[in-house]
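Trainee: Before we start, here is the structure in question, set down as structure tokens.
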Amino acid sequence: MTVAEAGPLRLLLADDHAVVLEGLSAMIGRQPDMVVVAEAGNGLDAVELWRTHRPDVTLVDLRMPALDGIGVITEIRRMDATARIIVLTTYDTDEEIYQAIRAGARGYLLKDARRGEMLGAIRRVHAGETHLPPGLTAKLALRMADESLTEREHAVLVLLTDGKSNREIGSEIHIEESTVKSHLKSIFSKLHVVSRTEAVTVATRRGLIRR
């Protein structure tokens, strides 16, 4: 079946910035093989519009009100594990790339991507391929090579970022100070750092801690 016989590729756009939606819709609308069937300004609307329209490809931002991009991907993939979703965002920390791909995104694009790259990514993902720019591929590989922090280690890291002492961290999450020290040793090892300051810097850069 030819593209003409199959009809245009149907897209859902989800972004909380109206100007971004307008720009994307205008660009896609000029393509003879694509059509925007719905636009969402928050995550919950994105999920409901996906349920209604069942688009061929969905472009979703990571940071949105009501439900973030990871949540949107998770909910859509729960309805259809074959759903084709591309993250389109300004955020490129290795943690966010990792979380998006783990949730089921088939592509990851930055908003400063050239028009040709963006349109090409949409067509490739629709065809069943994946799209991840080389620079982001390297970040994803680095993130996947590292061990993940446990839930308790992440809690310690958050409090460390807040400037808490070991005693204060222990008091906050009800563990002994010696246990805090053990968690910090593990965190330093996993992040490949040697100090509290460096741990906070690396964690923030990787998107492990959001501010």
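Trainee: Mind checking which of Ile169, Ile76, Ile101 has the largest fluctuation in a GNM of the chain, springs on alpha carbons under 10 Å?
Mentor: Ile169
Trainee: On a 0 to 90 degree scale, rounded to 10, what angle separates helix 115-126 from the longest Cα axis of the chain?
Mentor: 90 degrees
Trainee: Determine Rg/Rh for the range 43-123; Rg is computed over alpha-carbon atoms and Rh is the Kirkwood hydrodynamic estimate from the same atoms.
Mentor: Expressed as Rg/Rh, it is 0.94.
Trainee: Dipole of the chain, Cα-centred, from +1 at each Lys and Arg C-beta and -1 at each Asp and Glu C-beta, to the nearest 20 debye?
Mentor: Working: 28 positive and 30 negative charges, 83 e Å.
Dipole of the chain, to the nearest 20 debye: 400 debye.
Trainee: Quick one: Cα convex hull volume of the chain, Å³ per residue?
Mentor: Working: hull volume 27.6 nm³, N = 211.
Here the figure is 131 Å³ per residue.
Trainee: Then there is this: Using a cut-off of 10 Å between beta-carbons, work out the net charge of the residues near Ala66 (Lys and Arg +1, Asp and Glu -1, Ala66 not included). The partial results should precede the final answer.
Mentor: Working: positive: none; negative: Asp16, Asp45, Asp68.
In short, -3.
Trainee: Pairing the Cα long axis of helix 94-103 with the longest principal axis of the chain, what angle in degrees results, from 0 to 90 and rounded to the nearest 10?
Mentor: So the inclination is approximately 60 degrees.
Trainee: Rounding to the nearest 10 and keeping the result within 0 to 90°, find how far the Cα-based axis of helix 43-53 lies from the longest principal axis of the chain.
Mentor: 30 degrees
Trainee: For the range 151-206, compute the orientation-averaged projected area of the C-alpha convex hull (one quarter of its surface), in nm². It would help to have the intermediate numbers written out before the result.
Mentor: Working: hull surface 13.3 nm².
So the mean shadow area of the Cα hull is 3.3 nm².
Trainee: Something else: For the chain, what does -39500 (n - 2.57) per DSSP helix run (n ≥ 4), summed and divided by total residues, give at 222 nm, in deg cm²/dmol to the nearest 500?
Mentor: Numbers: 11 runs with 117 residues, N = 211.
After summing the helix terms and dividing by residue count, I get -16500 deg cm²/dmol.
Trainee: Counting only residues 5 or more places away or on other chains, whose amide H sits under 5 Å from the amide H of Leu9 once H atoms are built in the peptide plane?
Mentor: Those lying under 5 Å, H to H, from Leu9 are Met34, Val35.
Trainee: Please identify the GluC sites (Glu not before Pro) of the range 154-211 that satisfy two criteria: DSSP loop assignment and at most 12 other Cβ atoms within 10 Å. Which are they? List each step's numbers first, then the result.
Mentor: Details: sites: Glu168, Glu172, Glu176, Glu177, Glu198; in loops: Glu176.
Those that pass, being in a loop and sparsely packed, are Glu176.
Trainee: Just want the answer: with Cβ charges of +1 for Lys and Arg and -1 for Asp and Glu, which residue in Ala105, Val60, Ile73 is farthest toward the dipole's positive end in the range 3-144?
Mentor: Ala105
Trainee: Tell me the relative contact order for the chain as a rounded percent, counting alpha carbon contacts under 8 Å between residues six or more apart.
Mentor: So the answer I get is 14 percent.
Read the figures in this text as sums done on the coordinates, not as results from a lab. No experiment lies behind these values; they were computed from the predicted model shown. Using ideal geometry, Cβ is built from the backbone for each residue, glycine included, and neighbour counts are taken over all protein chains shown.
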